[in-house]
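Everything below concerns the one structure shown next.
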Protein chains: 2
Amino acid sequence: MKDPADTVQVLAFDIFGTTVDWRTGVAEQVAEIAAERGVALDAGALTDAWRERYLPSMARVRSGERPWAFLDTLHRESLDELLELFDVADAFEEASRRRLVRTWHRLPAWEDVAEGLHRLRRRYTVVALSNGGFALLVRLIKAARLDFDAILSAENARTYKPDPSVYRMAAELLDVAPGQVLMVAAHRWDLEGARSAGLRTAFVERPAEKGPHGVADRAADTVSDVATTSFVDLAELLGC
Amino acid sequence: MKDPADTVQVLAFDIFGTTVDWRTGVAEQVAEIAAERGVALDAGALTDAWRERYLPSMARVRSGERPWAFLDTLHRESLDELLELFDVADAFEEASRRRLVRTWHRLPAWEDVAEGLHRLRRRYTVVALSNGGFALLVRLIKAARLDFDAILSAENARTYKPDPSVYRMAAELLDVAPGQVLMVAAHRWDLEGARSAGLRTAFVERPAEKGPHGVADRAADTVSDVATTSFVDLAELLGC
């Protein structure tokens, strides 16, 4: 794009993978809970399999195959299936499963995030725009000590990204045109959804997102207005 | 109440009058705009009359007499009437009237607010819960350099406080019971609405809110779980 600083007023950040390191955070907590219960479990493998079910579970809501359900509910359904598949279903009763679902509520930010957001907030309105439920996002962002100007959840639109209505809802709530919003994400599918709704797009490469065996999206394969390697890099590019 | 620290998890703050000094902020900006246009106008009197139309204009939305309308729209309608009444309608064309409506988007915080919020956020989830539109609130709170964990607008419920549904919407979005939310406000009507929805209530006395000729609500006339004189006082009372 010509100069994003001329038109963009709002930066909308994806959270899971883009802002916080879900794999490290969830796998560590899963390993702890499993250890407490004396269960042998490959926490990294369970976490990877859990996340693999993320997009398909939301796609069923977006297509109308099932009615609106919170991300916590989708996570719980995927977890129940996976504990059977990993042959450890008997070791995790109701209360443990609830704890496991809540591991997604407390995740560490990537190390460049706090500084990048701080600098970007001087010039832009900086919001979270995530498929996590609103309560989940408020908890997660507070626990990670991050400061956004506002938090927006796909819950507000009762569907999930990459449905264009989620991105449009964000622009409407903030009273700006879609083209005045820059969506920042580490995922191709998220930026494609944003672009289809008329938003500008910034890709942040997070090569470690999916752990040693996963394949994260790379800048070379992703169409975006701006390609960056961190939130600090984005701040530099936008002159903040 | 016994000990609010035991049950309360969320503090919900009213904004106009409780957190920011709308009268000083609006009157100063109105005086500036009038001076630019060379109009003699008692800015304080216009501001007071404008605010007097605030509750009645929202009551017409709450009662269903008229469909949902943003606070900016209600402010504009009241302004148009008042400029006629003050006999200065010809002096303010469309662009000036839009500027006047936007004076409500940029208001100074009371001096105890930043410190009080900072201390309270260490222990509680601290949110804004206002009749202002979401975009207005995001702008206002950013311009005043205040940090909330999240911003909630009556817009989300498509009606206005003191309708109980606005307070319940806040508890639902944050995934807590109404009794786990403490509503903080300088207005009796707001706390009465919150109580009717099952929230706890904290009154903050703002004797200067309505200027030298107005009569602000006082603690002695207001039923609440906690009565305070500032956000710092509230932090002390809650052990933050």
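Laboratory data are not the source of any read-out in this text; all were calculated from the coordinates shown. Please read these numbers as outputs of a predicted model, since none were measured by experiment. Because the Cβ atoms are built from the backbone with ideal geometry, glycine has one as well, and the counts that use them run over all protein chains shown.
Data table
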| quantity | calculated |
| --- | --- |
| Ranked list, fewest to most other Cβ atoms within 10 Å of each Cβ, for A:Val10, A:Val226 | A:Val226, A:Val10 |
| A from B by rotation - nearest chain B beta carbon to the axis, in Å | B:Asp147, 3 |
| Trypsin sites (Lys or Arg not before Pro) restricted to the stretch A:142-184 and DSSP loop, no more than 15 other C-beta within 10 Å | A:Arg145, A:Arg158 |
| Between helix B:22-36 and chain B: long-axis angle, C-alpha atoms, 0 to 90°, nearest 10 | 20 degrees |
| Charge tally in the Cβ shell below 13 Å around A:Met169, where Lys, Arg are +1 and Asp, Glu are -1, A:Met169 excluded | -2 |
| Centroid-to-centroid separation of the stretch B:173-192 and the stretch A:174-233 [C-alpha atoms, Å] | 38 Å |
| Per-residue average of Cβ from other chains inside 10 Å of B:149-161 | 3 |
| Degrees, to the nearest 10: B:134-143 long Cα axis against longest axis of chain B | 90 degrees |
| Normalised contact order of chain A, rounded percent, pairs of Cα under 8 Å and 6 or more residues apart | 25 percent |
| Residue list for the stretch A:175-193, given a label point 7 angstrom along the Cα-to-Cβ vector of B:Arg98 and an amide N cut-off under 18 Å | A:175-180 |
| Rounded to 10°, Cα long-axis angle of helix B:164-173 versus longest principal axis of chain B | 60 degrees |
| Percentage relative contact order, the stretch A:23-105, counting C-alpha pairs under 8 Å, at least six apart | 37 percent |
| Alpha-carbon centroid distance for the pair the stretch B:47-73 / the stretch A:1-58, whole angstrom | 43 Å |
| Karplus-derived 3J(HN,Hα), 6.51/-1.76/1.60, for each residue of the stretch B:175-191, Hz, glycine and proline x | 6, 10, 6, x, x, 8, 10, 9, 7, 10, 7, 9, 10, 4, 4, 6, 5 |
| Dipole of the protein assembly as shown [Lys/Arg +1, Asp/Glu -1 at C-beta], most positive-end residue of B:Thr222, B:Gly198, B:Ala144 | B:Gly198 |
| J(HN,Hα) series, the stretch B:224-233, from Karplus relation 6.51 cos²θ - 1.76 cosθ + 1.60, nearest Hz, glycine and proline x | 7, 6, 9, 10, 9, 10, 6, 5, 5, 4 |
| Peptide-level mean, for B:125-137, of C-beta atoms on other protein chains within 10 Å | 2 |
| Around B:Gly198: net Lys/Arg minus Asp/Glu count, Cβ-Cβ under 13 Å | 0 |
| Loop sites in the stretch B:19-75: chymotrypsin sites (Phe, Trp or Tyr not before Pro), DSSP, at most 14 other Cβ within 10 Å | B:Trp68 |
| Cα gyration tensor, the stretch B:1-83 - rounded (a/c under 1.5), prolate or oblate | oblate |
| For A:Phe13, distant residues with modelled amide H under 5 Å away | A:Val127, A:Ala128, A:Leu129, A:Val184 |
| Chain lengthening between B:Asp147 and B:Glu81 when straightened (0.36 nm per residue, less Cα-Cα) | 20.2 nm |
